[in-house]
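Structure record follows, encoded as structure tokens.
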Amino acid sequence: MPTSKIKRAYAEGRYGQIHYRVAGSHGVRSPLLLLHPSPLSSYVFENLIEDMARDRYVVAPDTPGFGMSDPPDSPPEIQDYATTMLEFIARLGLGIVDVMGYHTGSLTSVEMASQAPSVVRKIVMISATAFTKDETEQFKRQYTPKPIAERVAQISPGWENFRRNFWRMEPSDHRAMNIYLQGRFNPDWSPWGHRAAFNYDISFALRKTEHPILILNPEDDLWQYTPRAKDWLRHGRVHDLPGWTHGFLDAKTAEVSQLLRNFLDA
């Protein structure tokens with residue numbers, strides 16, 4: 001099948017406008033909602049959107065305060081992001097959806113299922129923040145917001161580290177640079193996603209959900225923590241992706257799409 005061209009649009013949300021990317025057509029399969037990691041945007045999903053949209057309707061919003069979506073007035077929690085996304089899919093009339101989240105987005109996907117179990121059908125998570133209490137406190141200190149001058153000074157040297165050691169699987173320098181710069185947008189509220197993630201009890205949320213869950217575990221910065229989540233899954237599994245890291249959605253688009261179809265269409 002040919003790829004489906006991505007369109008972009010805005011919807012009204014409780015915090016203002018929500019920007020989103022969309023492709024594909026409604027059919028027998030549930031629409032697929034894609035939720036990006038913080039502090040990035042739905043841009044990270046573009047190649048995956050086109051591939052998955054060959055046989056279903058795919059929607060990828062910028063969560064509030066990221067990409068081109070308006071921010072809240074104060075720092076939200078994962079529960080707030082989930083409520084906003086449930087309102088978003090209701091506004092678009094999507095009905096029952098499958099949800100795939102990436103890092104912070106994966107937490108939001110689980111919380112959506114907790115808040116509205118009849119709206120979410122299946123969940124795919126990319127990694128899980130399965131931290132101990134001490135690890136959570138350490139991450140909170142690591143992601144303390146930095147002054148503007150310090151953030152600006154780090155842009156050039158930070159790019160080399162990002163490209164070589166973090167988003168190193170991305171085959172396109174052009175896309176890697178755009179993703180890197182998106183992570184430096186909106187410094188007043190871009191740290192809010194990490195803050196919300198560190199405040200969220202993913203172990204409690206996973207233990208209580210009845211939804212089928214597939215957790216993809218690439219060899220990224222959460223590689224060592226994600227396997228712990230398997231003990232909290234009632235109807236799910238962790239699928240290790242050794243050798244894969246950030247950028248794999250573009251480097252291995254066909255393989256990722258096949259993993260998703262095998263799980264979502266089973």
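Taken together, the values in this text are just the output of simple stated rules run on the coordinates, not laboratory data. What you see is a predicted model; the values in this text were computed from it and never measured. Note that each Cβ is placed from the backbone with ideal geometry, even for glycine, and that neighbours are counted across all protein chains shown.
A few notes on this one:
- Qualifying positions in the range 140-181 - in contact with an Asp or Glu (Cβ under 8 Å, 6 or more places away or on another chain) and free of Cβ contacts under 8 Å to residues at least 24 places away in the same chain: ARG163
- Tallying residues that are in a strand (DSSP E or B) and touching a Lys or Arg at 6+ places or on another chain (Cβ under 8 Å) within the range 164-218 yields 3.
- Test: GLU87 is in a helix (DSSP H, G or I), acidic (Asp, Glu), surrounded by fewer than 22 Cβ atoms within 10 Å (Cβ to Cβ) and touching a Ser or Thr at 6+ places or on another chain (Cβ under 9 Å): no
- Test for HIS235: is it over 19 Å from the mean Cα position of the chain (by Cα) and surrounded by fewer than 20 Cβ atoms within 10 Å (Cβ to Cβ): yes
- Looking across the range 122-155 at every residue that is of a type in the set (A, V, I, L, M) and assigned to a helix (DSSP H, G or I), the one that is nearest to the chain's Cα centre (by Cα) is identified as ILE155.
- One residue stands out in the range 9-19 among those that are touching a Ser or Thr at 6+ places or on another chain (Cβ under 9 Å) and part of a strand (DSSP E or B): the one that is surrounded by the most Cβ atoms within 10 Å (Cβ to Cβ), namely ILE18.
- Any hit, the range 20-43, residues being assigned to a helix (DSSP H, G or I), in contact with a helix residue (DSSP H, G or I) (Cβ under 7 Å, 6 or more places away or on another chain) and surrounded by fewer than 24 Cβ atoms within 10 Å (Cβ to Cβ): yes
- Residue check, LEU259 over 15 Å from the mean Cα position of the chain (by Cα), of a type in the set (A, V, I, L, M, F, W, C), in a helix (DSSP H, G or I) and closer than 19 Å to ASP98 by Cα: yes
Quick grid of which residues meet (1) aromatic (Phe, Trp, Tyr); (2) free of Cβ contacts under 8 Å to residues at least 24 places away in the same chain:
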residue: ARG8; (1), (2): no, yes
residue: LEU48; (1), (2): no, no
residue: MET52; (1), (2): no, no
residue: VAL58; (1), (2): no, no
residue: SER69; (1), (2): no, no
residue: THR84; (1), (2): no, no
residue: PHE88; (1), (2): yes, no
residue: GLY93; (1), (2): no, yes
residue: HIS103; (1), (2): no, no
